[in-house]
1. Per 0.36 nm of contour for each residue apart, how much would the distance between Lys99 and Lys237 grow if the chain were fully extended, relative to their Cα-Cα spacing?
2. Roughly how big is segment 1-59's charge dipole about its Cα centre, with Cβ charges of +1 (Lys, Arg) and -1 (Asp, Glu), in debye to the nearest 20?
3. For the chain, what is the charge dipole size about the Cα centre, in debye to the nearest 20, if Lys and Arg each add +1 at the Cβ and Asp and Glu each add -1 at the Cβ?
4. In whole percent, and with a 1.4 Å probe on the protein chains, what portion of the accessible area of the chain is carbon and sulfur?
5. Here is the link list: Lys115/Lys244; Lys163/Lys283; Lys68/Lys105; Lys37/Lys105. Which ones come out longer than 23 Å on Cα distance?
6. Pairs of Cα atoms under 8 Å, at least six residues apart: use those to get the relative contact order of segment 53-126, whole percent.
7. Evaluate the distance, in nm, between pseudo-label points positioned 7 Å from the Cα of Glu187 and of His74 along their respective Cα→Cβ axes.
8. How much length would be gained if the chain were fully extended between Asn157 and Asp143, taking 0.36 nm per residue of separation minus their Cα-Cα distance, in nm to one decimal?
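The values are calculated or read from the model by the stated rules, or taken from the named source; none is laboratory data. As the structure is a computational prediction, the values presented were derived from the model and not from experiment. Positions of Cβ are backbone-derived with ideal geometry, glycine not excepted, and every protein chain shown enters the neighbour counts. When the accessible area is computed, the model is the full protein with side chains, heavy atoms only, and any ligands, DNA or RNA have been set aside. Shrake-Rupley method; radii C 1.70, N 1.55, O 1.52, S 1.80 Å.
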Amino acid sequence: MNSPREQRCNVCQLRRVYNTAVVWCSECEEALCSECKQYHGLMKMSRNHKTVYISDYQRLAPSVLAIKNRCDDHEEKFEYFCDRHGKPCCIICIKDRHKECRDLKQISDLIKDSKSSNECITIERGLKHVLQTIDRVRKDRTDNILTLDDQATRYQNELREMKRAINDHLDRMESQFLDEMATKQREMKSRIQRVIDDIDDRREKVQKKIRNINAMKRYASDLQNFLGIRGMEFDVKNEQEYLKALKENGSLDSLDMFVHFHSFSALEAIKNNVTVLGRITTKTTRCTLKVTPQNSNLDRFKSISWWDLNDN
C-alpha cells in the first residue's frame, strides 16, 4: 500500500508525473490528485468509492493507516473474518489455513454500521471512563499533597508557639526537627508525585486513543474502523486493570503526617535533659476511590494479535 503521507498522486506516478494528491481512496488504497479524483468518481468500478482528504486521512493513527483491504500473502481482497484466530481472511486463506474453522463471518456483514456498533460505543465509553477515573485519581493525589502541606504548616505553627519559651536550646532542636519533618514530607510527596506522573502518562495515552477513535469514525473506512476498534478492545481492560492495581498495591493510599510533641511542662526543662523535640509519624489510609466500573462488557472480547494498535 502506498502511504498517503507521500502526498503524491499514485496514478500519476505510473506515468512518471508527480502531481500532489488531494484525496485518499481506501477501497483502491491510492492517493489521487484533483484530476484523477474526477476520473475516479466517473468510472463505473470506482464511482461509489468514498474518498477523504489527504490531510484528514493522515490524522488516523499509523496502525490504522497500515490496515489493508487485501491479504499480504495472496493479494486477494479480505472477504471473511475468523473469530477463532481473530484475523481477516481472503478466499485462499480459508482454503490454506482455515479449513477447520467454523466461525467464519463475512466482513461485509461485520463492518456494516461498525462506526455506530455496540463494540465501538463500548470501547469509547470504556476509554472515557478510564480517563474520568484517572482525573479523579489525580485530584485525589493532588489533594493529598495539599493536605500534607497543611499538616506541615499547622505543626510548624505549633512549633513556633513552643519556641517562644525556649530560646537558644529550642532553636537548635527546632532545626533538627524541621529537617526531619521536611525529609518525611519530601519522601511522602515524592511517592505521591511518582503516582501522579505515571497516571499523567496514562491519561495522555488514553486521550490519544480517544482521538484515534474519533478520527477513525470520521475518516477511516468501515474495515479500518472495525479492525481498529477490535485492536483497541483490550486496551480499555488493561487500563482498568492498571487503575485497579494502583489501588491494590497501595499507590492510592492516603499519606498523612503527625507530630507528637512533648508536653509543655517537659519543654521547660529542655535546656537540661531534652534532646529530641518530638516524634514524627506517618499514617497510610487505604484508598476508597472506585477505579473500575461495576459491570464491564470487555471480558467477552477476544484478543487480536495479528497487528498492533497501541499507538503510544
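1. Difference between extended and current length: 46.5 nm.
2. My answer is approximately 100 debye.
3. 760
4. Ligands and nucleic acids excluded, carbon and sulfur give 45 percent.
5. Over 23 Å apart, Cα to Cα: Lys115/Lys244; Lys163/Lys283; Lys37/Lys105.
6. 21 percent.
7. For the pair Glu187/His74, the computed spacing is 6.5 nm.
8. In short, 2.9 nm is gained.
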